[in-house]
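The values are calculated or read from the model by the stated rules, or taken from the named source; none is laboratory data. Remember, predicted model here, so these are calculated numbers, not experimental data. Cβ: placed from backbone, ideal geometry, glycine included. Neighbour counts: every protein chain shown. The protein model used for the area step is the full one, side chains on, heavy atoms only, and it has no ligands, DNA or RNA in it. Shrake-Rupley method; radii C 1.70, N 1.55, O 1.52, S 1.80 Å.
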Number of protein chains: 2
Amino acid sequence: MVKETALTLHDPIVALATPWGESAIAVIRTSGEGCIKKIAGVFKGTGKLSAKNSHTVNYGSLYNPENSELIDEVLAVVYRAPHSYTGEDAVELFCHGSPAALKKTLSLLYCHGFRQANAGEFTLRAFLNGKIDLTKAEAVNEIIRAKSDKARKLALHRLAGSIEKIINSFKARLVDLLSGIEVMIDYPDEQYEHHEFSLQELRRLLTEVRTLLATYKAGRIYQEGVSIALTGRTNSGKSTLFNLMLKEERSIVSDLHGTTRDFIEGAIAVQGIPIRLYDTAGLRSTDHPVEAEGIRRTDKIINSADIIIYLIDGSRGICKEDEAFLNQYKSSGRLLAVWNKCDISRKKIAEAFIPLSSLTGVGLHQVEKAIVILLLGGSSLESDSPVIDSLRQKQYLAQALDALERTEAGYKKKISFDLLAVDIKEALDAFGHITGQVTTEGLLQTMFSKFCVGK
Amino acid sequence: MVKETALTLHDPIVALATPWGESAIAVIRTSGEGCIKKIAGVFKGTGKLSAKNSHTVNYGSLYNPENSELIDEVLAVVYRAPHSYTGEDAVELFCHGSPAALKKTLSLLYCHGFRQANAGEFTLRAFLNGKIDLTKAEAVNEIIRAKSDKARKLALHRLAGSIEKIINSFKARLVDLLSGIEVMIDYPDEQYEHHEFSLQELRRLLTEVRTLLATYKAGRIYQEGVSIALTGRTNSGKSTLFNLMLKEERSIVSDLHGTTRDFIEGAIAVQGIPIRLYDTAGLRSTDHPVEAEGIRRTDKIINSADIIIYLIDGSRGICKEDEAFLNQYKSSGRLLAVWNKCDISRKKIAEAFIPLSSLTGVGLHQVEKAIVILLLGGSSLESDSPVIDSLRQKQYLAQALDALERTEAGYKKKISFDLLAVDIKEALDAFGHITGQVTTEGLLQTMFSKFCVGK
């Protein structure tokens, strides 16, 4: 655990935990030493709030004790340490989702002993108070940020402790290996060959660590999603394909709160991968006075896209402009060439093209399959096997892998057991960082600053 | 109470009660017959949810019983009828504020016996189940929509029952008057002069109803706010005044979630009145190719503004263009003419102008005072006296007033007691509509459709 520092404060903190805006309900979250008593000082209900049991919901009014002004009618949920999210005394207030009332309530609490919580400070406290390890803490944030159902599912598994469990088992097995080595250090006169160390077990571990590490790319893709640019000459059918994909695939965002600001961007999910789809056709058809601006924006989208789908008008075949584009991007590893209008094309479909009719939808499934293969290669994710999504976890895992590879190489070279032990301890230390058994203040600050305030 | 209709259903309903978006916490609200048992069917926690006491918070997981898939980790708050907001059995779920997880949770509940709640349906049920009267129901929505602290305070008083109380007292006093008249109807041989009816009391009532009715305009202004257009010739100091007002007055919105989309609109509060302030200078200085577009937008803002502040460059005095504008709007009842740069102006300040230096801030207080007087006249609102904000309440109050005025006139003309009784009963009926003692299905539908979903 970390030393006593500013990070281990237990002072009462407060934050709005729901999005700002008019709504039925808003939740204001508080936690810290003396928190229940402090809320009780600005709360009028049936009986004293400070005498209520943990996990009870209490109806009452918030008021300013200085001038008796009523602030809002609320429900106050009391949690007593250690039976709360943070492990501290905590109170959650169910308020009216009224910006004017919330502003007033937060001011009231700032004036009565609470300070505004930092981003992720509630979860940080949960970690510091031993309620969760770091992989679960990260999973909390990953669930919130999940952009597809698959990403939600993977993060939920991590929250349930899948990464913590696997890392702890790695550690336990490494400690076994280490103790075998330490026996040899204590009896240096024994033959190098007759020892307690199992190379086979080390190699099994290496394979498993490599497998877990390899899930990172897939984890990122499912969590963060990718962007795809639909490109091609005028009349190649970009907009038709765009509309087809939006219609066929479950649109994640646009049907719910309309983030699709214009007609050139859409959010869909293909086999659980969140995808932002850009129709570059839309860009040039805007009424921007300068056509150059449209071209600049198209180039920007193409350059930052994870995948570029290039459509050929199959009824006309490949023209010079098409060839120039395909040559430019063919070695980028991001290009999918699609032979559109294959239903009315009489030309022979060139190799390396995926046949599609964006009008009828024939071939769409092949295009999507190609997208997934381009992103994930052959690997597919079982929903039950743990997948890492955190860059931090990936870095420590790579560090552990590196140390274990050095251990293996060292063993082959018959280096001294003392030195092998150093490498294994480094791997153990790296695993300890992943769960947070070993950690630093700086790391925690960086990690939790990525959270929502109120979490 | 209303008859049994579709409106009096008790089937289980569900809605997201917090704004859609990524956040620490989201609340899903459910209510209706069998609601606790239905949630218990998709919830795994410590012990059976269906056996939990009211007002308890229970940690567990939501899962799909068909394929055992985990959906989210949540806290489930159980409320048992009649001790809930709606008066029915209810469960509130504290979920991760994850759009992907919320979507999945809502789908799960739709598949397990819940239907999406209509706007305001929870509050409608609270009314139908006798938990609150209609004035309190409206106050719930008014708190959420409050755009300033004053509006929040006024709505909170209504939620505490201030309007219900005053209307009930009106009714009680009218019933007294009516019983006096009914005595006379039973003994028609008595002299008209010797009766039990108090004209004085009727007149007191009339005054009080008129006073309450007059609060409507102020109620609207505090609740909905007004818009002010800052106008004047180039270099008259519009932008300086705009920035001064934004800086001096507590900005309601812009410091919290930046709804100020460009530099020409700001939200402030002047003496508790929410104000949207438009700097028309910004409109013409945009890089729009067609100047005519800028002029069109300025005209639109001026035409829809509740108040037009026209600035004169006092260092130059009034010019022809100024005169033309002032003449155009002087009889609109919306114009405030301001003599700006009064600190460097050597000219005599024309009458009917408010002297101001938008640079130093001298005179700003007078401008604000003039704004409030223009909006509210001489009337000021005591925060403890009830203020009506609902058009519905205003209309029934006007109807009651009308019936009471007819009663007074009829009495003077010595019309028969039977006819007086008819008028008084009409007033009673109108009061009954305000609190919801008398109501119709159509009215309820219209009223609650203005609510948030989830409230």
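Averaged per residue, what accessible surface does the range B:82-221 expose to a 1.4 Å probe, in Å²?
Ligands and nucleic acids excluded, the figure is 39 Å² per residue.
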Task: Segment B:N243-B:K300, length gained on full extension (0.36 nm per residue, minus Cα span) - done: 18.3 nm
- [ ] Name the shape class, rounded, prolate or oblate, that the alpha-carbon gyration tensor gives for the range A:1-108, where a ≥ b ≥ c are the square roots of its eigenvalues, rounded holds for a/c under 1.5, and otherwise prolate holds if a/b is larger than b/c and oblate otherwise.
- [x] prolate
Task: Test item: B:198-211 mean partner chain Cβ contacts at 10 Å - done: 0
TODO: First compute the accessible area of the range A:311-351 with a 1.4 Å probe, then give the percent of it belonging to carbon and sulfur atoms.
DONE: 47
Task: Projected-area mean, the range B:305-455, by convex hull of Cα positions, square nanometres - done: 16.3
Task: Residue-level accessible surface for B:C342, protein heavy atoms, 1.4 Å, Å² - done: 30
Open item on the list: Kirkwood Rh and Cα-based Rg: tell me the resulting Rg over Rh for the range B:194-245, rounded to two decimals.
Closed with: 1.48
Open item on the list: Keeping all protein chains in the complex and leaving out DNA, RNA and ligands, what accessible area do you get for A:K330 with a 1.4 Å probe, in Å² to the nearest 10?
Closed with: 140
Task: Amide H partners (placed H, <5 Å) of B:H55, local residues excluded - done: B:V78, B:Y79, B:R80
Task: 3J(HN,Hα) from dihedral phi, the range B:337-342, Karplus parametrisation 6.51/-1.76/1.60, rounded to Hz, x for glycine, proline - done: 8, 10, 8, 7, 6, 5
- [ ] List the residues whose amide H sits under 5 Å from the amide H of B:G87, counting only those 5 or more places along or on another chain, with H placed 1.01 Å from N in the peptide plane.
- [x] none
- [ ] With θ set to phi - 60°, apply the Karplus curve 6.51 cos²θ - 1.76 cosθ + 1.60 along the range B:112-122 and write out the HN-Hα couplings as whole Hz, x wherever there is a Gly or Pro.
- [x] 10, x, 9, 10, 4, 6, 6, 4, x, 5, 5
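Provide the buried accessible surface between chains B and A in square angstrom, both chains summed, 1.4 Å probe, rounded to the nearest 100.
Result for this pair: about 4400 Å² buried.
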- [ ] Starting from the Cα of B:T234, step 7 Å along the direction of its Cβ; do the same at A:T234; then give the gap between the two resulting points in nm.
- [x] 3.9
Task: Accessible surface, the range A:312-455, averaged per residue in Å² (probe 1.4 Å) - done: 51
- [ ] Answer rounded, prolate or oblate for the range B:142-243, using the Cα gyration tensor with square roots of eigenvalues a ≥ b ≥ c: rounded when a/c is under 1.5, else prolate when a/b is larger than b/c, else oblate.
- [x] prolate
Open item on the list: Check which residues have an amide H placed less than 5 Å from B:E69's amide H, if you skip close sequence neighbours.
Closed with: B:N64
Open item on the list: I need the inter-copy label distances for A:K247: point set 7 Å along Cα to C-beta, values in nm with one decimal, smallest first.
Closed with: 5.6
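Among rounded, prolate and oblate, which fits the range B:46-103 when a ≥ b ≥ c are the square roots of the eigenvalues of its C-alpha gyration tensor, a/c under 1.5 means rounded, and a/b larger than b/c means prolate?
Details: a/c = 2.24, a/b = 1.62, b/c = 1.38.
Prolate is the answer for the range B:46-103, as a/c is 1.5 or above and a/b outweighs b/c.
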- [ ] Could you work out, residue by residue across B:79-88, how many beta carbons of other chains sit within 10 Å of that residue's beta carbon, and then give the average as an integer?
- [x] 1
Open item on the list: For chain B, compute the orientation-averaged projected area of the C-alpha convex hull (one quarter of its surface), in nm².
Closed with: 30.1
TODO: Have a look at the range B:41-78 and report residues whose accessible surface goes down by 30 Å² or more when the remaining protein chains are included, against the chain on its own, probe 1.4 Å, ligands and DNA/RNA excluded.
DONE: B:H55, B:V57, B:E69, B:L70, B:E73
Task: Residue order for B:H96, B:H112 - accessible surface, 1.4 angstrom probe, largest first - done: B:H112, B:H96
Task: Average partner coverage of B:147-158, which counts Cβ from other chains inside 10 Å - done: 4
Task: Under the Karplus curve 6.51 cos²θ - 1.76 cosθ + 1.60, θ = phi - 60°, whole-Hz ³J(HN,Hα) for the range B:55-63, x wherever Gly or Pro sits - done: 6, 10, 10, 10, 7, x, 10, 8, 9
Open item on the list: Rounded to the nearest percent, how much of the accessible area of the range A:66-140 (1.4 Å probe, protein heavy atoms only) is carbon and sulfur?
Closed with: 55
- [ ] For the range A:58-161, go through all pairs of different Cα atoms, get the mean of 1/r, take its inverse, and jot down that Kirkwood value in Å.
- [x] 15.9
Task: At 0.890 mPa s and 25 °C, Stokes D of the protein assembly as shown from Kirkwood alpha-carbon radius, µm² per second - done: 74
TODO: Starting from the residue with the highest accessible area, list A:K38, B:K52, A:K348 in decreasing order, probe 1.4 Å.
DONE: A:K348, A:K38, B:K52
